[in-house]
Amino acid sequence: DRKSQEMTMHLQQTFNAAILTSLHPRSQIDIFVEVLQSDGGNYCASVNAATLAVIDAGIPMKDYVCACSASYLGDSPIVDINYLEESSGSPEITVAVLPKSEQIVFLEMNGRLHEDNLSKVVDMAVKGCKDVYGVLDRTVREHVSQVGSSLET
């Protein structure tokens, strides 16, 4: 459907900015994502899962790609919104970041947001991406140490 085609295009743009394709000319990298349960934040969860898959496959990247969504409900910005918050009609910003360089590789806004609140919500989303980066990096390092220790025995 149209929504999945749009998400495919966004994922392709996001990972084209992060994967070092110049190291593997004339190669094709396919990333397949299947959403088993939709509780909101499908794009963000897909980006974060695909990042782990690409790292596990040993494909060279500039940096992790971490994604997070944020919104403005009532008088305060919120981060990592769920389906209920997503469908409430409030504006939603989705950001994908290369956390070490703080380079934004994807930014999408659904709905209208007053410019006074825009920087607060974007900053909150980028902070969420950095928090996700901490979790992903710790998980990758634990996985590498487990695999390395199992090879030694």
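Table for the structure above
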{"item": "Loop-resident sites, the range 103-153, for trypsin sites (Lys or Arg not before Pro), counting at most 15 other Cβ within 10 Å (DSSP)", "result": "112"}
{"item": "Average silhouette area of the range 2-87, convex hull of alpha-carbon atoms, in square nanometres", "result": "6.7 nm²"}
{"item": "Across 3/62; 100/120; 62/127; 3/130, pairs whose alpha-carbon gap is larger than 22 Å", "result": "3/62; 3/130"}
{"item": "Angle in degrees between helix 42-56 and the longest Cα principal axis of the chain, rounded to the nearest 10", "result": "20 degrees"}
{"item": "Over the range 2-46 - Rg/Rh using Cα atoms and the Kirkwood inverse-distance radius", "result": "1.03"}
{"item": "Relative contact order (%) - the chain, alpha-carbon pairs under 8 angstrom, separation at least six", "result": "21 percent"}
{"item": "Mean residue ellipticity (222 nm) of the chain, computed from DSSP H runs ≥ 4 via -39,500 (n - 2.57), nearest 500", "result": "-16000 deg cm²/dmol"}
{"item": "Protein accessible area in the range 1-145, 1.4 Å probe - carbon and sulfur %", "result": "51 percent"}
{"item": "On Cα atoms only, tilt of 115-152 relative to the major axis of the chain in degrees", "result": "20 degrees"}
{"item": "Average accessible surface area per residue within the chain, 1.4 Å rolling probe, Å²", "result": "64 Å²"}
{"item": "When the range 47-114 is reduced to its Cα atoms, the Kirkwood hydrodynamic radius in Å", "result": "13.3 Å"}
{"item": "Inverse of mean 1/r across different Cα pairs in the chain, Kirkwood, Å", "result": "16.5 Å"}
{"item": "Cα-based helix-to-principal-axis angle, 2-16 vs the chain, degrees rounded to 10", "result": "50 degrees"}
{"item": "Cα-derived Rg over Rh, computed across the range 67-153 with Rh taken as Kirkwood radius", "result": "1.16"}
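The values are calculated or read from the model by the stated rules, or taken from the named source; none is laboratory data. Every value quoted in this text rests on a predicted model; they were computed, and no experiment measured them. Every residue, glycine as well, gets a Cβ built from its backbone with ideal geometry; the counts of neighbours run over all protein chains shown. Please note that ligands, DNA and RNA were not included when accessible areas were found on the heavy atoms of the full protein model with its side chains. Shrake-Rupley method; radii C 1.70, N 1.55, O 1.52, S 1.80 Å.
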